[in-house]
Amino acid sequence: MDFTLRVWRQAAPGTPGRFVDYPAPGISPDASFLEMLDVVNERLIEQGHEPIAFSHDCREGICGSCAMMIDGVAHGPVAGAAACQVHMRSFRTGARVTIEPWRSVAFPVIKDLVTDRSALDRIIQAGGFITAPTGGARDANEILVPKDAADAAMDAASCIGCGACVAACPNGSASLFTAAKLTHLGLLPQGQPERSRRTLGMVAQMDREHFGHCTLFGECQDACPKQISIDAIARMNRDYLHAVITARPERSGGGTG
Amino acid sequence: MTGQTRAVNARVPPGPLETKWERHKFDMKLVSPANKRKYTIIVVGTGLAGASAAATLSELGYRVIGITYHDSPRRAHSIAAQGGINAAKNYPNDGDSIFRLFYDTIKGGDFRAREANVYRLAEVSANIIDQCVAQGVPFAREYGGLLANRSFGGAQVSRTFYARGQTGQQLLLGAYQALERQIGRGAVDMHPHMEMLDLLVIDGRARGIVARDLITGQVQSFVGDAVVLATGGYGNVFYLSTNARMSNATAIWRAYKRGAALANPCFTQIHPTCIPVSGDYQSKLTLMSESLRNDGRVWVPARGGDARAPGDIPEAERDYYLERKYPAFGNLAPRDIASRAAKQVCDEGRGVGPAGLGVYLDFRDAIQRLGAGTIADRYGNLFEMYERITDEDPYRVPMRIYPAVHYTMGGLWVDYNLMSTVPGLHVIGEANFSDHGANRLGASALMQGLADGYFILPYTIGDYLASAKLARVEANGPEVRAIEADVAQRTQRLLAIKGRRTVDAFHRQLGRIVWEKCGMARNDAGLREALAEIPQLRAEFWENVAVPGTGESLNQALEKAGRVADFLELAELMCLDALQRTESCGAHFREESQTADGEALRDDEHFAYAAAWQYAGEGNAPLVAKEPLAFETVHLSQRSYK
Ligand SMILES: Cc1cc2nc3c(=O)[nH]c(=O)nc-3n(C[C@H](O)[C@H](O)[C@H](O)COP(=O)(O)OP(=O)(O)OC[C@H]3O[C@@H](n4cnc5c(N)ncnc54)[C@H](O)[C@@H]3O)c2cc1C
Ligand code: FES
């Protein structure tokens with residue numbers, strides 16, 4: 001198959017970028033999208049040019065590294081797939097394919113298609129965990145988790161942290177990412193003690209990171225390679241309201257003796 | 001660094017196997033709570049092993065510096081593990097125990113692992129599940145709310161815990177979240193996008209690392225009191241493997257060149273159930289979880305060259321070769337055996353698919369027996385993944401699978417305390433050689449990574465810190481500066497070659513050599529050929545590799561070049577190791593050493609040891625020290641799955 005790629009090239013953060021056209025002839029329909037980029041990059045290197053920088057690692061849709069807008073769609077044309085799981089047979093031969101990095105103020109471009117998504121880690125730091133230091137855990141089967149709760153928690157927990165939800169959202173909101181983690185932990189008995197604290201912390205951090213507000217467009221769930229449902233956001237909003245209403249100042253315990 | 005082989009001492013504590021670890025924990029020196037914060041530990045890697053260790057050490061009060069080349073700790077290769085994690089919980093009441101898990105692991109490893117380490121692994125396995133559940137890992141559950149278990153590759157009990165086909169992801173997110181909590185508190189100083197390129201050994205002790213910031217290109221040092229490498233396996237030496245694309249050997253290789261012994265590098269696991277190669281653009285191989293073998297039946301046409309569609313081949317003309325050859329285990333035969341059997345039938349010309357390099361994994365009977373719904377419940381996401389890649393529907397057409405490189409049992413040699421031969425350098429997870437002998441059982445890598453990180457290293461490193469007298473190291477001192485200069489110069493050298501062949505082209509060629517000559521079957525002549533070809537390829541690499549761009553910004557071609565340069569050296573050591581071990585054991589199959597019916601033939605009299613290779617300087621042949629493996633509890637027997 002033959003393609004023409006229109007790729008965003010940007011040398012460094014804060015420098016101007018531009019689209020550059022590259023021919024991509026002779027591509028196998030069974031090649032993945034990233035393998036197609038590999039082939040193009042090999043050719044560029046052989047001609048002494050710098051290859052197109054893009055993030056990738058697992059190439060099976062689980063590490064969340066790959067991140068690109070393909071013809072304006074986060075992760076490209078295949079529903080429920082990350083860019084690395086898209087195969088060239090999903091495109092028409094002769095097509096012109098536009099490839100851009102995630103566009104979001106919270107994800108500055110590092111180079112070409114590579115962006116800085118560390119804001120997502122900071123949202124997790126702000127409460128996306130259950131405090132359970134190593135050691136001292138009781139026997140695992142002493143905590144009963146109904147199967148449907150475990151399954152629903154797993155659905156939410158399957159988020160790969162790629163940031164497609166942010167890239168797809170007209171407001172650049174990270175609500176689906178944040179809500180998925182809140183849902184995962186909030187559905188489990190182990191997650192109850194910190195539930196309100198977690199919600200307040202993560203939502204506040206989301207705001208600090210310059211993500212936009214959620215107005216329930218729903219673009220995020222369509223872009224999500226794990227098809228996480230927007231219901232998570234409704235749940236987050238309920239929990240947030242509850243947490244705000246019941247919030248009490250935290251006291252440190254212990255004393256001095 | 002030339003001269004004599006240094007003996008290795010595993011420092012296994014005395015006493016009965018069952019009480020060694022308990023007693024050792026008591027005998028080890030402790031660092032008092034107030035003193036812990038005076039020690040800085042550098043943890044390289046944030047996979048299961050590294051993230052669990054960094055979080056735990058920080059919870060204990062140590063100062064921790066975390067290093068990863070990924071943009072976030074959550075992206076480590078561990079995230080991709082699918083099938084599950086073993087633990088001797090015996091929840092299903094089917095006769096499992098610490099001893100059975102220990103025994104299975106020793107036997108599965110074909111008696112080439114250290115008993116004491118393996119016993120301890122089995123002992124702490126149950127704590128791992130408790131810890132992960134406390135963190136909120138959403139393991140699969142039964143309707144009553146209890147944890148679900150399944151049996152997994154080669155085990156006759158159900159001891160595997162799982163979270164759909166995403167067990168590694170969920171375990172890693174648990175450890176990652178614990179780590180992020182510590183980062184948020186300011187207790188772990190985390191450096192993503194930072195690649196370790198050398199180890200700082202000062203006065204004979206590991207005191208830090210030299211790394212390159214992958215975004216700015218800046219070379220910088222991190223100094224401290226101990227270093228932990230949790231940098232994963234080196235399966236990508238083969239170019240094509242199931243490992244994530246960036247996984248590499250640089251950290252352990254540089255440690256080796258600074259004096260850490262590297263053990264059993266030729267022990268590499270070839271996983272039997274992967275999607276076959278489809279073309280020369282192929283960048284990695286996708287694993288189809290081994291759990292599929294619980295319900296899928298493996299077969300090839302009985303006669304070679306049978307080009308009929310699988311559905312048109314009648315029952316009598318199919319060869320269910322695993323069931324035929326290994327009636328007791330059938331389709332669940334251990335990985336090394338199942339892989340070799342697949343290679344054998346393909347070598348006989350009975351392979352299926354375009355290149356004849358594939359065998360069927362067929363769900364027809366299971367679907368008839370259980371219904372498509374049950375099969376979808378069990379393997380739905382895997383079937384989907386298969387269809388997405390191959391464009392074939394496994395509910396209707398049998399899957400095609402072929403073995404692929406998956407895991408490396410070899411790694412840096414460590415003693416009972418998980419310390420390498422360089423004092424202060426500890427090695428955990430897949431990066432060390434410790435627990436799996438010559439073959440790893442399914443669902444045991446996740447167990448080992450988390451055992452090392454949560455429950456073993458945090459104790460044993462305290463013993464080192466409390467016993468060692470550590471002088472202050474100046475980050476700006478001449479020794480540190482000299483190694484930084486080395487690293488920067490190497491980077492410049494790669495950029496200055498300006499050759500014509502891409503890094504990937506060299507890597508692919510290297511991969512082909514190692515796959516053909518040091519892969520599923522090895523022999524003297526082939527290994528000697530590889531030992532001639534690899535240095536030639538390496539020489540060509542240093543003259544003709546093309547690395548565009550500069551060293552002052554993100555340069556992925558440069559990153560790759562450095563990693564492949566190290567693979568080009570490691571591959572040679574793998575072949576040397578395979579050459580000296582003239583027995584067959586586990587995944588290491590020497591064609592010269594097989595039984596009459598073609599099974600691996602061990603030679604315990606001469607090879608019951610771990611081979612700990614030591615760097616002897618540029619241009620000198622490496623030296624090998626042998627750690628004898630004493631089997632005090634388990635009787636050495638020929639492994640049989642018939
Ligand atoms: C597809 C697949 C499926 C698997 N499924 C299972 C399973 O079901 N059950 C099971 O038990 N095992 C499974 N395994 C094996 C298991 O996943 C791995 O052995 C295990 O996750 C390794 O963990 P680790 O922590 O040792 O290293 P990794 O997870 O590989 O982490 C390595 C870390 O080191 C960092 N690093 C490496 N080098 C450097 C450097 N030079 N500088 C800075 N950072 C560096 C990386 O950034 C990364 O953070 C599977 C493996 C594969 C490939
Ligand atoms: S490369 Fe890992 S999700 Fe795409």
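A few comments on the model shown:
Residues checked against (1) in the same structural domain as residue B:344 (by TED's automatic domain parsing); (2) assigned to a loop (DSSP other than H, G, I, E, B); (3) of a type in the set (Lys, Arg); (4) on the phi < 0 side of the Ramachandran plot:
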residue	(1), (2), (3), (4)
B:265	no, yes, no, yes
B:293	yes, no, yes, yes
B:300	yes, no, no, yes
B:306	yes, yes, no, yes
B:316	yes, no, no, yes
B:323	yes, no, no, yes
B:327	yes, yes, no, yes
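- Residue-level analysis places residue B:198 among those that are buried (at least 23 other Cβ atoms within 10 Å of the Cβ), on the phi < 0 side of the Ramachandran plot and acidic (Asp, Glu).
- When the stretch B:10-58 is filtered for residues that are small (Gly, Ala, Ser) and within 30 Å of residue B:181 (Cβ to Cβ), the ones remaining, listed by number, are B:32, B:34, B:45, B:47, B:49, B:50, B:51, B:52, B:53, B:54, B:55, B:58.
- Among the residues of this structure, residue A:39 does not count as one that is within 9 Å of chain B (Cβ to nearest Cβ), more than 16 Å from ligand 1 (Cβ to nearest atom), free of Cβ contacts under 8 Å to residues at least 60 places away in the same chain and farther than 24 Å from residue B:239 by Cβ.
- All of (1) surrounded by fewer than 19 Cβ atoms within 10 Å (Cβ to Cβ); (2) in a strand (DSSP E or B) hold for residue A:99 with one exception: (1).
- When B:527, B:558, B:510 are screened for being surrounded by 19 or more Cβ atoms within 10 Å (Cβ to Cβ) and in contact with a Phe, Trp or Tyr (Cβ under 8 Å, 6 or more places away or on another chain), only B:510 passes.
- Residues that are basic (Lys, Arg) and at pLDDT 95 or above were ranked within the stretch A:227-255; the one that is farthest from residue A:152 (Cα to Cα) is A:238.
- The stretch A:42-78 - residue that is acidic (Asp, Glu) and at the interface with another protein chain (Cβ under 9 Å from one of its Cβ atoms) and, of those, surrounded by the fewest Cβ atoms within 10 Å (Cβ to Cβ): A:46
Each row is one residue, and each column tells you yes or no for (1) facing chain A (nearest Cβ under 9 Å); (2) under 28 Å from residue B:287 (Cα atoms); (3) within 16 Å of ligand 1 (Cβ to nearest atom).
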residue	(1), (2), (3)
B:51	no, yes, yes
B:63	no, no, no
B:74	yes, yes, yes
B:99	no, no, no
B:135	yes, yes, no
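- In the set (1) of a type in the set (Ser, Thr, Tyr); (2) closer than 18 Å to residue B:230 by Cα; (3) touching a Lys or Arg at 6+ places or on another chain (Cβ under 6 Å), residue B:454 fails one condition alone, (3).
- The set of residues in the stretch A:121-135 that are within 7 Å of another protein chain (Cβ to nearest Cβ), of a type in the set (A, V, I, L, M) and within 11 Å of residue A:206 (Cα to Cα) comprises A:124, A:126.
- Filter result for residue B:196 (within 14 Å of ligand 1 (Cβ to nearest atom) and not in a loop (DSSP other than H, G, I, E, B)): yes
- In summary, residue B:529 fulfils each of the numbered conditions (1) part of a helix (DSSP H, G or I); (2) farther than 30 Å from residue B:441 by Cα; (3) within 14 Å of chain A (Cβ to nearest Cβ) with the single exception of condition (3).
- In the stretch B:437-468, the qualifying residues are those that are among the polar types (S, T, N, Q) and part of a loop (DSSP other than H, G, I, E, B), and the one that is farthest from the other protein chains (Cβ to nearest Cβ) is B:439.
- For residue B:104, the conditions (1) in a helix (DSSP H, G or I); (2) within 12 Å of chain A (Cβ to nearest Cβ); (3) closer than 24 Å to residue B:272 by Cβ are fulfilled apart from (2).
- Test for residue B:116: is it free of Cβ contacts under 8 Å to residues at least 40 places away in the same chain, more than 9 Å from ligand 1 (Cβ to nearest atom) and more than 17 Å from residue B:188 (Cα to Cα): no
The values are calculated or read from the model by the stated rules, or taken from the named source; none is laboratory data. A quick note: this is a predicted structure, and the numbers were derived from the prediction, not measured. Counting neighbours? That spans all protein chains shown, and the Cβs are built from the backbone with ideal geometry, glycine included.
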